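Engineer: This is the structure, below, for whatever I ask next.
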Amino acid sequence: MSTLDNTSLQLPKENPQAEDFLPLLGTDYVELYVGNAKQAAHYYMSAWGFQPLAYAGLETGLKDRVSYVLEQGKIRLILTSPLKPGGEINKHIDSHGDGVKAIALWVDDARHSFNETVKRGAEAYFEPKTLQDGEGEVVLSGIHTYGETVHVFVERKNYKGVFMPGFKAWKPYYQPTNVGLKYVDHMVGNVGWNEMNKWCEFYAKVMGFAQLVSFDDKDISTEYTALMSKVMSNGNGRIKFPINEPADGRKKSQIEEYIEFYNGAGVQHMALATDNIIETVSSLRDRGIEFLTVPASYYEDVLDRVGEIDEDLVPLSELGILIDRDDEGYLLQIFTKPILDRPTMFIEIIQRKGAKSFGKGNFKALFEAIEREQESRGTL
């Protein structure tokens, strides 16, 4: 049974400027195209604490692909690999390496969502289709967004099965404990030079989003590199998409490095929320996840900047967790090193203690840490 519920239907509007005509109820799943789904599933289970949920492949009648569905809290990942040469999935992996193909959005009416976005200028990925089995039906539709990334609208109000028709329950003996991840806080896209405003306008016009905040190269810059970013959000605030583009700097920025190795625009990172970042990050580190580190000097005056916090600073500094505050509270965040062979996608762990911002006060320390990694790779 889905862990998603219908409480979001009554959510107050967090972003009053958003039209929210779809509306979106949450992130349904994130699908990654990967070279070896079986091994990738083991990684996300063992290292990240995801639980096995569903499977589709030869045993369920699929001939061209295999998919493993993992779940933790309200986060669902689909890991999909091709079973034969040629075709869309192989082409995607060859061009981009492992990466996010689909950000699926939970809606009440997938046909309405498709029609409303396409009439406003979205390019169709696939038209509405209904999948059925003995547990009910799921309606899907899809549109293109930046690069080869797509949005799939998922309507599942008439389905009671484990995931969706075509999948069977996956219950292996190995089911590791979770690490306390709760939901997708936001997902960040990297786009090319001077493309940020184009895609922000896409989300505003086509999907009814509104801009929450923007950062220019004065906000996000170091001695060597810079970037620009705007955060787009739907009305209830459950879907937040920061969009980054490069800005002029003395050396190659992280956005340029990403686009070079991903071979175009794509999802840079997923931010996953937790209620106890110290426990979550400690568990992840024990399981082999590597995080970016900041100098010890960061913690010497951080409380002067952010004020009093509930947590003890010692474990935060030992783990390298960053702290920032806005008018509504503070947040704790940390970023992994790239989790793939190519220096492309990474994951952010975030705990919000009232703050609705994105860690502006940490940008300089964070991007200097990223630059140290770039320098070690010879790509700065």
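Engineer: Does L292 satisfy the criteria of being touching a Leu at 6+ places or on another chain (Cβ under 9 Å), surrounded by fewer than 19 Cβ atoms within 10 Å (Cβ to Cβ) and at pLDDT 90 or above?
Structural biologist: Values: touching a Leu at 6+ places or on another chain (Cβ under 9 Å): yes; surrounded by fewer than 19 Cβ atoms within 10 Å (Cβ to Cβ): no; at pLDDT 90 or above: yes.
Taking the combined requirement at face value, the residue does not satisfy it.
Engineer: Also, I was wondering about something else. For the range 257-278, what are the residues that are part of a helix (DSSP H, G or I) and either more than 11 Å from L181 (Cβ to Cβ) or not assigned by TED's automatic domain parsing to the domain that holds W199 (or both)? Don't jump to the end; show me each part of the working.
Structural biologist: Taking the range 257-278 first, the residues part of a helix (DSSP H, G or I) are 257-262, 277-278.
The answer is E257, Y258, I259, E260, F261, Y262, I278.
Engineer: Kindly evaluate T149 against the criterion of being farther than 26 Å from E348 by Cα and polar (S, T, N, Q).
Structural biologist: No: the conditions fail for T149.
Engineer: Let me ask something additional. For V231, only one of the following conditions fails: (1) at pLDDT 95 or above; (2) assigned to a strand (DSSP E or B); (3) hydrophobic (A, V, I, L, M, F, W, C). What is its number?
Structural biologist: The one condition V231 does not meet is (1).
Engineer: When you go through S81, S141, S95 one by one, which is the residue that is assigned by TED's automatic domain parsing to the domain that holds Y33, under 21 Å from the mean Cα position of the chain (by Cα) and surrounded by fewer than 16 Cβ atoms within 10 Å (Cβ to Cβ)?
Structural biologist: Working: S81 fails: surrounded by fewer than 16 Cβ atoms within 10 Å (Cβ to Cβ); S141 fails: surrounded by fewer than 16 Cβ atoms within 10 Å (Cβ to Cβ).
Just a single option satisfies the conditions, and that option is S95.
Engineer: Let me ask something additional. Determine which single condition K119 fails, assuming it passes every other condition in (1) crowded, with 19+ Cβ neighbours inside 10 Å; (2) of a type outside the set (F, W, Y); (3) closer than 24 Å to W199 by Cβ; (4) free of Cβ contacts under 8 Å to residues at least 40 places away in the same chain.
Structural biologist: (1)
Engineer: Taking the condition of being in a loop (DSSP other than H, G, I, E, B) and farther than 26 Å from E59 by Cβ, how many residues in the range 176-188 meet it?
Structural biologist: Matching residues across the range 176-188 total 4.
Engineer: Among the listed residues Y330, Y299, identify the single one that is out of contact with any His (no Cβ under 9 Å at 6 or more places or on another chain) and in contact (Cβ under 8 Å) with a residue 24 or more places away in the chain.
Structural biologist: After ruling out the rest, the residue left standing is Y330.
Engineer: Quick one: would you say E260 is of a type in the set (D, E, K, R) and within 25 Å of K101 (Cα to Cα)?
Structural biologist: yes
The values are calculated or read from the model by the stated rules, or taken from the named source; none is laboratory data. The structure presented is a predicted model; accordingly, all values stated were derived computationally and were not measured. As a convention, Cβ positions derive from the backbone with ideal geometry for all residues, glycine included, and neighbour counts pool all protein chains shown.
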